[in-house]
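Here is the structure we will look at.
Any read-out appearing in this document is the output of simple, stated calculations on the displayed coordinates, not a laboratory observation. No experiment lies behind these values; they were computed from the predicted model shown. We place every Cβ from the backbone using ideal geometry, glycine too, and count neighbours over all the protein chains shown.
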Amino acid sequence: MQTDTTITTVSGRVVKCRPVSDTLVTLALAQIEKEYRGRGEPIDAPTYTLTIMLPGGEAGTETHTHDETTLEAPGDEALTKSNKIAWAEHLSAKERLLAAQNAKREYLWFMAGLDFEMPADDSWAQEQAELYGIEVPNEPAARKLHYIKTVILVSLEDIIRALETITTLSYSGLVDPEAVRASIKSFRNNLQGAAAARNPAAQKPMESQPAVQ
């Protein structure tokens, strides 16, 4: 069962959700971009300069942004190679920035969008350490996120339900709920694809079994 403000996980736990400030999320994502720029990451596309003739016969220049079609410099292999390296570094930086921002957005949605109390005892962490042989984080924020991802939102379906509810609450009156569901559906497909890639058993069909006589 799912209401406007709660979800019920596949394990039957009812979790209250609340809206997350879009302004704060936007500021947090902008801060990540600022940090990338501060490190000199090439998140802006590289540029190239053209010589043009100005009125009166004087030479001038124009600066343009590269795209995939402008990397070749006919007759200049060194420049072509340099352009392609710069473009590849730009694409890599953009991809890493997007991944960092997506991770931050998910972190904020879960940490600020789920309303629950951490357990008073550490039996859950001890069980994980003993059963899975893992080290549960001690830092409060990291421990809370770990608890969310390993105890509250155990399945992909739980994650989808939480994201849909939190997003709908956060953009209530501003975004059509159908648009939210469409976006979540796309996210679901990406999650399922990533999960299948991590699970070799999910990538190959089950062998047919002999019929029972």
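Placing pseudo-labels 7 Å out from each Cα toward the beta carbon at Ile52 and Glu68 gives an inter-label distance of 2.7 nm. Around the Cα centre of region 91-172, unit charges on the Cβ atoms of Lys, Arg, Asp and Glu (plus for the first two, minus for the last two) sum to a dipole of about 580 debye.
In sequence order, region 30-43 has phi-based couplings of 5, 5, 5, 4, 4, 5, 4, 5, x, 7, x, 5, x, 7 Hz under the Karplus curve 6.51 cos²θ - 1.76 cosθ + 1.60, θ = phi - 60°, and Gly or Pro positions carry x.
Less than 5 angstrom separates the built amide H of Thr6 from those of Cys17, all sequence-distant by 5 or more or on a different chain.
In plain terms, the chain from Glu117 to Arg39 could stretch by 24.3 nm, reckoned as 0.36 nm per residue minus the Cα-Cα distance. Placing +1 on the Cβ of every Lys and Arg and -1 on the Cβ of every Asp and Glu, with nothing else charged, gives region 1-61 a dipole about its Cα centre of roughly 460 debye.
List the pairs from Lys94/Lys144; Lys34/Lys144; Lys34/Lys84; Lys34/Lys104; Lys104/Lys144 whose alpha-carbon separation is above 21 Å, in the order I gave them. Those over the limit are Lys94/Lys144; Lys34/Lys144; Lys34/Lys84. When region 1-102 is described by a simple charge dipole with +1 on each Lys and Arg Cβ and -1 on each Asp and Glu Cβ, the residue from Val20, Ala30, Ala100 located farthest towards its positive end is Val20.
What you get for region 1-148, charging only the Cβ of Lys and Arg (+1) and of Asp and Glu (-1), is a dipole of about 340 debye around the Cα centre.
Restriction of the GluC sites (Glu not before Pro) in region 90-122 to DSSP coil positions whose beta-carbon has at most 11 other beta-carbons within 10 angstrom yields Glu117. Taken along its principal axes, the alpha carbon cloud of region 27-115 reaches lengths of 69, 30, 21 Å, longest axis first. Here the contact order of region 39-144, divided by its residue count and restricted to Cα pairs under 8 Å and six or more residues apart, works out to 20 percent. Of the residues Pro140, Gln126, Leu91, the one whose Cα sits farthest towards the positive end of the charge dipole of region 76-151 is Leu91 (charges of +1 on Lys and Arg Cβ, -1 on Asp and Glu Cβ, taken about the Cα centre).
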